[in-house]
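This report refers to the structure that appears directly beneath it.
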Amino acid sequence: GLDKLQAKLPNQYIDVGIAEQHAITLAAGLASEGMRPVAAIYSTFLQRAYDQIIHDVCIQNLPVFFCLDRAGIVGADGPTHQGMYDIAYLRCIPNMVIMAPKDEAELQSMIVTGVEHTSSPIAMRYPRGNGYGVPLMEEGWEPLEIGKGEILRTGDDVLIVAYGTMVYPGMQAAEILSEHGIEATVINARFVKPLDTELILPLAKKIGRVVTLEEGCVMGGFGSALAEALIDADILVPVKRFGVPDVLVDHAEPNESKTELGLTSHQIAERVLQAFFKQQVSAVV
């Protein structure tokens, strides 16, 4: 889709082919001279430029905006393109801000946020595939506040904290749980770094049961970030992390992969019932 941008803004577009390391070093050079580079690279192929992300961008704290396409399950693109690791491999780097939109309207807001954020590097992950069909902004192109999530639903029985593409399945799972008499608070985290601890931690302590949802590797991912924040704050509550386990996701339709990994809304609801409410009837239909 970047050919449309190239046609409209040819003087603001550089195609480096598959030279990802060069792309990031070039972006760092542009940023060091006061420009606002947007590095648009698949999640899985940004791995090739990991050294440049650290050495050329983050050590110098340069405002490069990383746009990570095909983050999460990619389906027909196959095993090499599965964008499972960007949350884990980026959040450990100092100076990096990391965000993910729940839908195409929030993606629009995050593009504005990324372009206007000039105090550090910033990354946005987004999936392959279609949006939800939600209305886009016609005006009021305001950036989001860095590190702030939002509450989408309230309930006292379980706290579901979802990141990016898992927000809508989290909301659907909460509706299913409500049919079983279990009311969930659902948070759209928006940011994994910085994490909105002011919002999340008091609710985790109050509710006492936490579920995290992400379309990426569980090891070192979003759920790990939240678990670490709870431990650091001495909030010792049970946490169930739902995401991609320590397996390689093979070629399949995305919905097939999500079913196999237990990440559909009905499976999430069932797993929450089994984890926290075993005394409840747990058959989700």
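Any chance the range 90-111 includes a residue that's in contact with an Asp or Glu (Cβ under 7 Å, 6 or more places away or on another chain) and in contact (Cβ under 8 Å) with a residue 12 or more places away in the chain?
Checking the range 90-111: not a single residue is in contact with an Asp or Glu (Cβ under 7 Å, 6 or more places away or on another chain) and in contact (Cβ under 8 Å) with a residue 12 or more places away in the chain.
Got a sec? Which of Thr165, Thr154 is open to solvent by 50 Å² or more (accessible area, probe 1.4 Å) and touching a residue at least 24 places away in the same chain (Cβ under 8 Å)?
Only one candidate qualifies: Thr154.
Are there helices (runs of 4 or more DSSP H) fully within the range 166-285 with at least 3 residues that are small (Gly, Ala, Ser)? List them.
The qualifying helices (runs of 4 or more DSSP H) are 167-179, 222-232, 265-276.
Tally up the residues in the range 1-57 that are part of a helix (DSSP H, G or I), exposed (fewer than 14 other Cβ atoms within 10 Å of the Cβ) and hydrophobic (A, V, I, L, M, F, W, C), please.
Residues flagged as part of a helix (DSSP H, G or I), exposed (fewer than 14 other Cβ atoms within 10 Å of the Cβ) and hydrophobic (A, V, I, L, M, F, W, C) within the range 1-57 amount to 3.
For the range 94-116, enumerate the residues that are more than 16 Å from Ser43 (Cα to Cα) and outside any helix (DSSP H, G or I).
Listed by number, the residues that qualify are Pro94, Asn95, Lys102, Asp103.
Is it true that Ile59 is touching a Cys at 6+ places or on another chain (Cβ under 9 Å) and either modelled with pLDDT under 95 or β-branched (Val, Ile, Thr) (or both)?
Considered against the rule, which asks whether it is touching a Cys at 6+ places or on another chain (Cβ under 9 Å) and either modelled with pLDDT under 95 or β-branched (Val, Ile, Thr) (or both), Ile59 comes out as no.
Hey, does the range 137-146 have a residue that's assigned to a loop (DSSP other than H, G, I, E, B), touching a residue at least 12 places away in the same chain (Cβ under 8 Å) and surrounded by 16 or more Cβ atoms within 10 Å (Cβ to Cβ)?
Yes, the conditions are met somewhere in the range 137-146.
Which residues, counting only those in the range 58-83, are part of a helix (DSSP H, G or I) and either farther than 21 Å from Ala27 by Cα or open to solvent by 40 Å² or more (accessible area, probe 1.4 Å) (or both)? Don't jump to the end; show me each part of the working.
Filtering the range 58-83 for residues part of a helix (DSSP H, G or I) gives 58, 75-77, 79-81.
If the condition is that a residue be part of a helix (DSSP H, G or I) and either farther than 21 Å from Ala27 by Cα or open to solvent by 40 Å² or more (accessible area, probe 1.4 Å) (or both), then Gly75, Ala76, Asp77, Pro79, Thr80, His81 are the ones that fit.
Under the condition of being of a type in the set (Val, Ile, Thr) and surrounded by 19 or more Cβ atoms within 10 Å (Cβ to Cβ), which residue from the range 236-276 is farthest from Ala184 (Cα to Cα)?
Per the stated criteria, the residue is Val249.
For the range 112-136, what are the residues that are crowded, with 18+ Cβ neighbours inside 10 Å and either touching a residue at least 40 places away in the same chain (Cβ under 8 Å) or over 23 Å from Ile53 (Cα atoms) (or both)?
First, pick out the residues of the range 112-136 that are crowded, with 18+ Cβ neighbours inside 10 Å: 113-114, 117, 121-128.
Scanning the range 112-136 gives Gly114, His117, Pro121, Ile122, Ala123, Met124, Arg125, Tyr126, Pro127, Arg128.
Take the residues in the range 193-228 that are surrounded by fewer than 19 Cβ atoms within 10 Å (Cβ to Cβ) and among the small types (Gly, Ala, Ser), then tell me which one is farthest from Glu270 (Cα to Cα).
In this case the residue turns out to be Gly220.
Of the residues that make up the range 9-20, is at least one within 13 Å of Ala123 (Cα to Cα) and in contact (Cβ under 8 Å) with a residue 24 or more places away in the chain?
no
Within the range 92-109, is even one residue more than 25 Å from Leu152 (Cβ to Cβ), touching a helix residue (DSSP H, G or I) at 6+ places or on another chain (Cβ under 7 Å) and surrounded by 19 or more Cβ atoms within 10 Å (Cβ to Cβ)?
For the range 92-109, residues more than 25 Å from Leu152 (Cβ to Cβ), touching a helix residue (DSSP H, G or I) at 6+ places or on another chain (Cβ under 7 Å) and surrounded by 19 or more Cβ atoms within 10 Å (Cβ to Cβ): present.
The values are calculated or read from the model by the stated rules, or taken from the named source; none is laboratory data. Keep in mind the model is a prediction, meaning the values are calculated, not measured. So basically every Cβ, Gly included, is an ideal-geometry build from the backbone, and we count neighbours across all protein chains shown. What goes into the accessible areas is simple: the full protein's heavy atoms, side chains included, and nothing from ligands, DNA or RNA. Shrake-Rupley method; radii C 1.70, N 1.55, O 1.52, S 1.80 Å.
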